[in-house]
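Notes for the one structure printed next.
The values are calculated or read from the model by the stated rules, or taken from the named source; none is laboratory data. Quick caveat, the model's predicted, so the values are computed rather than measured. Reconstructed Cβ throughout: ideal geometry from the backbone, glycine too, with neighbour counts over all protein chains shown. Protein only, heavy atoms only, side chains kept; ligands, DNA and RNA dropped before computing areas. Shrake-Rupley method; radii C 1.70, N 1.55, O 1.52, S 1.80 Å.
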Amino acid sequence: MNEPCPRCGEPLAGTGGDWWRCSSDACPYELPEQAYRLYCELSAMIDHDPDTFFKVVSAYCAELRAREPAWTQ
């Protein structure tokens, strides 16, 4: 796993804990390990199998929408 920062393109670096942080001092971007793994998985998928990528992302979106309270729909 070695994906660039989605905000600025600089390398992401593990903090030694459960977080990944942009290596640029000018960029505050960080994300937890689980989100970083998903980011890497989806980044690889869009490069190698775009159709599957969009199916997976659509399924994630549908799942999240289903969890929204009724008054937001």
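General remarks:
- Against the test of being modelled with pLDDT of 95 or more and among the hydrophobic types (A, V, I, L, M, F, W, C), the options Cys27, Cys61 yield a single qualifying residue, Cys27.
- Taking the chain and the strands (runs of 3 or more DSSP E) fully enclosed by it, the elements with 2 or more residues that are without any contact (Cβ under 8 Å) to a residue 24 or more places away in the chain and open to solvent by 70 Å² or more (accessible area, probe 1.4 Å) are at 19-22.
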